[in-house]
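A short write-up of the structure that comes next.
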There are 2 protein chains.
Amino acid sequence: MSHSHTIDQLQEALRCLPGVGPKTAQRMTFHLLERDQDGARVIAEALQRALKTVIRCKRCNNFSETELCDICASAKRDPETVCIVETPADLEAVEQTGAYQGMYFVLMGRLSPLDGVGPDDLGFGRLKGLIESEQINELIIATNLTTEGEATADYLHELLQDCSVNITRLARGVPVGGELEYIDHGTLTRAFTDRRPW
Amino acid sequence: MSHSHTIDQLQEALRCLPGVGPKTAQRMTFHLLERDQDGARVIAEALQRALKTVIRCKRCNNFSETELCDICASAKRDPETVCIVETPADLEAVEQTGAYQGMYFVLMGRLSPLDGVGPDDLGFGRLKGLIESEQINELIIATNLTTEGEATADYLHELLQDCSVNITRLARGVPVGGELEYIDHGTLTRAFTDRRPW
């Protein structure tokens, strides 16, 4: 609570950002007003522009400014491989490796009954339609290896196993640079189970 | 780097917030676009409203929506005591104690030659004018106990010692709940030097 209603409103508004509590919101507010009013202006404009121009790609469900996103519209990508990720941030992480040249489908979430997120909210029907209408060879399920991500992967596998498409998933095991001594039991067990010929 | 220029611009804009690096900016951007577009709209509007309506109080230099802020305009506050703080956040911290009923003067910074902040940037002249033109009994210097805050306090004391006003400063010592074993040497030394009769 400051002594200005407008400042209180700004602090309250900033609290909807992830990881921002009352103290951080106050620090951000005073920083912007005291030392970076230009920055505040740029944020406000960038937010409004993004709200106006960012839509969903009609094919992969990722954020895009055009009906088809850059990746879906690119002739250089392999249209026969589709990688299913939970969020745009996951997609960016995969893109940054440069190791994948196929297409994506972004669920924009994961199954989470406690939060009321079911299969209908994640566009599973749309994904199935995509697989049936296009020539897709391989479907890589790349949800997170959390409980909810794994549940989503299992559900997807169940849903899509009748489709004539190879379903694969990311390898699970010891991370690069990992030392066995410090790896958790679950990961080490998985690394043994999934061991591969040299 | 996402695949949308607008999203990149928003991420870049959010990085001017204190403590926000590229990863956090990405997380905030995707959070707002995926799950809280209303929140994004509210932030943008709150920022623009604040930029338009928040000005400086002509007496105490704090943020205000009116020429004189609530505190300076209040008849319930003691106009003969002025507390000098570095920032509006410091003022809020003092206000939240409820222990102080006087007026304030907000420097909006501290002396910091390395950042190019000198006496002229902190409204020292205006503060001196205030002391000379009004009936002020006591001036409480409540800058932070950092190197820069202490330098600012020393400079202020030097500047104002010819004025006919009592200059005091906050007590320094062991914080409430503090255990001597874990208090730093400087604080403990100060607590001994400044010890008071029971």
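Residue by residue, here is whether (1) within 8 Å of chain A (Cβ to nearest Cβ); (2) open to solvent by 10 Å² or more (accessible area, probe 1.4 Å); (3) β-branched (V, I, T) holds:
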{"position": "B:Q37", "(1), (2), (3)": "yes, yes, no"}
{"position": "B:A44", "(1), (2), (3)": "yes, no, no"}
{"position": "B:Y100", "(1), (2), (3)": "no, yes, no"}
{"position": "B:M108", "(1), (2), (3)": "yes, yes, no"}
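Identify the single condition in (1) open to solvent by 50 Å² or more (accessible area, probe 1.4 Å); (2) in contact (Cβ under 8 Å) with a residue 24 or more places away in the chain; (3) on the phi > 0 side of the Ramachandran plot that A:P79 does not satisfy, given that it satisfies every other one.
Condition not satisfied by A:P79: (3).
Please work out which one of (1) within 7 Å of chain B (Cβ to nearest Cβ); (2) open to solvent by 70 Å² or more (accessible area, probe 1.4 Å); (3) in a helix (DSSP H, G or I) is the condition A:L10 fails and give its number.
(2)
Looking at the structure I just gave you, is A:C60 farther than 18 Å from B:Q37 by Cβ and touching a Lys or Arg at 6+ places or on another chain (Cβ under 7 Å)?
Values: farther than 18 Å from B:Q37 by Cβ: yes; touching a Lys or Arg at 6+ places or on another chain (Cβ under 7 Å): no.
Here the answer is no, as A:C60 does not meet what is asked.
What is the one condition in (1) open to solvent by 60 Å² or more (accessible area, probe 1.4 Å); (2) in contact with a helix residue (DSSP H, G or I) (Cβ under 7 Å, 6 or more places away or on another chain); (3) part of a loop (DSSP other than H, G, I, E, B) that A:C16 does not satisfy?
Of (1) open to solvent by 60 Å² or more (accessible area, probe 1.4 Å); (2) in contact with a helix residue (DSSP H, G or I) (Cβ under 7 Å, 6 or more places away or on another chain); (3) part of a loop (DSSP other than H, G, I, E, B), only one is false for A:C16: (1).
Listed here are the residues, each with its yes/no results for (1) in a helix (DSSP H, G or I); (2) assigned by TED's automatic domain parsing to the domain that holds A:R126; (3) in contact with a Ser or Thr (Cβ under 9 Å, 6 or more places away or on another chain).
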position	(1), (2), (3)
A:T24	yes, no, no
A:T29	yes, no, yes
A:L32	yes, no, no
A:I43	yes, no, no
A:A46	yes, no, yes
A:L68	no, no, no
A:V82	no, yes, no
A:L91	yes, yes, yes
A:F105	no, yes, no
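Go through region A:52-66 and count every residue that is outside any strand (DSSP E or B) and either within 18 Å of A:Q135 (Cα to Cα) or polar (S, T, N, Q) (or both).
Counting residues in region A:52-66 that are outside any strand (DSSP E or B) and either within 18 Å of A:Q135 (Cα to Cα) or polar (S, T, N, Q) (or both) gives 7.
The values are calculated or read from the model by the stated rules, or taken from the named source; none is laboratory data. Keep in mind the model is a prediction, meaning the values are calculated, not measured. Cβ sites come from the backbone with ideal geometry, for glycine too, and all protein chains shown count toward neighbours. Surface areas here come from the heavy atoms of the whole protein model, side chains and all, with no ligands, DNA or RNA. Shrake-Rupley method; radii C 1.70, N 1.55, O 1.52, S 1.80 Å.
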